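Undergrad: One structure coming up, written as structure tokens, with questions to follow.
The values are calculated or read from the model by the stated rules, or taken from the named source; none is laboratory data. Please read these numbers as outputs of a predicted model, since none were measured by experiment. Every residue, glycine as well, gets a Cβ built from its backbone with ideal geometry; the counts of neighbours run over all protein chains shown.
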Amino acid sequence: MIEDMTVGNLSPETQPIISQRGIEAWPSFSSRSPAWEDVHTFQVQLVVTGIFWPHLNQMVCALHFFNGVTLGHSEIPGRIAYA
């Protein structure tokens with residue numbers, strides 16, 4: 001994913017935010033690669049726990065990138081809603 005972010009011209013300051021906010025939180029939620037239903041349930045859980053909206057949007061951005069670019073699941077990112 002770091003290589004994908006570098007190729008995608010994401011700044012070195014943005015890369016840790018995306019990986020820390022979005023992707024490093026995923027294993028605590030699920031041990032498998034995200035499917036749409038898992039991503040949606042993950043978002044609902046974050047909202048219920050009281051996540052700040054800017055943090056939720058950073059998480060969504062990370063999930064968009066991870067699913068669409070790194071995993072190549074082109075159908076999932078378009079279904080992930082921003083706050």
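Undergrad: Among the residues of the range 31-61, count how many are in contact with an Asp or Glu (Cβ under 9 Å, 6 or more places away or on another chain) and closer than 14 Å to residue 81 by Cα.
TA: Residues in the range 31-61 being in contact with an Asp or Glu (Cβ under 9 Å, 6 or more places away or on another chain) and closer than 14 Å to residue 81 by Cα: 1 in total.
Undergrad: Among the residues of the range 43-74, what is the count of those that are closer than 19 Å to residue 1 by Cβ and over 12 Å from the mean Cα position of the chain (by Cα)?
TA: Of the residues in that region, 3 qualify.
Undergrad: A further question on this structure: Consider residue 40 against the criteria (1) closer than 21 Å to residue 10 by Cβ; (2) under 12 Å from the mean Cα position of the chain (by Cα): it satisfies all of them except one. Which criterion is unmet?
TA: Going through (1) closer than 21 Å to residue 10 by Cβ; (2) under 12 Å from the mean Cα position of the chain (by Cα) one by one, residue 40 breaks only (1).
Undergrad: Search the range 6-18 for residues that are within 23 Å of residue 56 (Cβ to Cβ) and modelled with pLDDT under 80 and pair each with any residue that is assigned to a loop (DSSP other than H, G, I, E, B) and of a type outside the set (Phe, Trp, Tyr) when their beta-carbon atoms are under 8 Å apart and the residues are at least 6 apart or on different chains.
TA: 18/10
Undergrad: Given the conditions (1) in a helix (DSSP H, G or I); (2) modelled with pLDDT under 80, and given that residue 32 satisfies all but one, which numbered condition is not satisfied?
TA: (1)
Undergrad: Return the pair list, or none, for Cβ contacts closer than 6 Å from residues in the range 48-68 that are farther than 14 Å from residue 79 by Cβ to residues that are not in a helix (DSSP H, G or I), at least 6 apart or on different chains.
TA: 53/83; 56/83; 57/82; 57/83
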